[in-house]
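Note sheet for the following structure.
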Amino acid sequence: MGNSGSKPETYSPELEKPWRTFDWGQKEALKKKLENFPLSHPDVKNIKILVAGQIGAGKSSFINSVDSVFQRRISSRALVETSAGDSHSFTKNLEGFPIRSGTKTLPIVFKDIMGLEADALAGAQTEDIINAIFGHVKNGYKFNEEQALTHKDELYTRDPALSDQAFCLVYVIAADKVGYTDNRLFDKLKIIRRRISNKGIPQVIVMTKVDEACPLVNKDLRKIYTSKKIKEKMDFCSLKIGLPLSNIFPVKNYHDEIDTKDDVDVLILKALEQIVQIANDKLVDIQSD
């Protein structure tokens, strides 16, 4: 039994090298770039970004976290439900959140909507999300889980201006729920993806709660791109929704902190930079048509 003294191989949760190159010292450079980002169409003064996601995934928290980075303090402009037992979306109305840095307003507006749910008559209706992206839904519209907005409603815009439209859809997905999400929810996302892809609207995934999904990352956020678990979850989302890994960004939202942290900030800023660039590419395409 020559092998009786050999030690069994142990599983390592960490890759030997990061699978995505990331500069953890780029926070201030990214902030400055976003504060002075030039839009590529004269008729568009700010890029509207629609944020969708399953209830509890952290879409409103992501908006607050972006705001926190630029305010250099914890922000809570987008209201967040803190009741662990509530299984319904806290966001009921379509609302826009401009991003400010000090006294300067950035050319970025997040549009927050009701959360998605698996059941057909629960959460935001796919048609409402599609209409909101194309600028047909006015701010203040209260989502109806049983009936999507129609062209007959007062808050429906028949001929939206270019500036009313969103130029990127962000799917917010909680990393700790990846693999346990109802397939009916992914089916809804696929419907939305097909409809807006026909119009060339770019989409990205922001994967939240990475610290809750991986003990390695919970201890050290800088392990995010060496974590096997996070990489597997990103691969799963890419396969399920049909987006390339280059359009998936893992982040940690601010949740129970009372001060901002550089490592949390830089992940959020890098995701935002990519979102804004992708959205601006759509403006370039429109301008050149």
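Percent of accessible area on the chain owned by carbon and sulfur, 1.4 Å probe?
Details: 6870 of 14420 Å².
Here it works out to 48 percent.
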Query raised in the report: Restricting attention to segment 227-262, which trypsin sites (Lys or Arg not before Pro) occupy a DSSP loop and are surrounded by at most 16 other Cβ atoms within 10 Å?
Result: K261
**Report entry** Among L267, L50, L15: highest mean-square fluctuation, GNM of the chain, C-alpha pairs under 10 Å
**Finding:** L15
Query - Relative contact order of the chain, pairs being alpha-carbon contacts under 8 Å that are 6 or more residues apart, as % - result: 24
Query raised in the report: Which one of I192, I47, I278 has its Cα pushed farthest toward the positive end of the charge dipole of the chain, where Lys and Arg give +1 and Asp and Glu give -1 at the Cβ?
Result: I278
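Could you provide, to the nearest whole Å², the per residue accessible area of segment 160-240 with probe 1.4 Å? Present the calculation step by step, with values, prior to reporting the outcome.
Working: 3530 Å² over 81 residues.
With the other protein chains kept in place, segment 160-240 gives 44 Å² per residue.
Rank these by accessible area, largest first, 1.4 Å probe: K209, K142.
On the way: K209 55, K142 135 Å².
Accessible-area ranking of K209, K142, largest first: K142, K209.
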Report summary line: The long-range amide H neighbours of V109, using H built 1.01 Å from N in the peptide plane and a cut-off of under 5 Å, are I47, K48, I49
**Report entry** Nitroxide proxy distance, nm - points 7 Å out along Cα→Cβ at H151 and R100
**Finding:** 3.9
Requested in this report: Note down the net charge around I278, summing +1 for each Lys or Arg and -1 for each Asp or Glu among other residues with Cβ under 15 Å from its Cβ.
Outcome: +3
Requested in this report: May I ask you to list the GluC sites (Glu not before Pro) in segment 186-269 that are in a DSSP loop and have at most 16 other Cβ atoms within 10 Å of their Cβ?
Outcome: E257
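DSSP beta bridges in the chain, what fraction antiparallel, as a percent rounded to 5? Mind dumping the intermediate values first?
On the way: 10 of 31 bridges.
Given both bridge residues lie in the chain, the antiparallel proportion sits at roughly 30 percent.
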Report summary line: Rounded to 0.05, the calculated FRET efficiency for the beta carbons of N139 and E212 at R₀ = 41 Å is 0.80
Report summary line: What one gets for the chain as the Kirkwood radius, inverse of mean 1/r over different Cα pairs in Å, is 19.8
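The values are calculated or read from the model by the stated rules, or taken from the named source; none is laboratory data. These numbers were taken from a predicted model, which means no experiment stands behind them. Here the Cβ is made from the backbone with ideal geometry for all residues, glycine too, and neighbour counts use every protein chain on show. These accessible areas exclude ligands, DNA and RNA; they are computed on the full protein's heavy atoms, side chains included. Shrake-Rupley method; radii C 1.70, N 1.55, O 1.52, S 1.80 Å.
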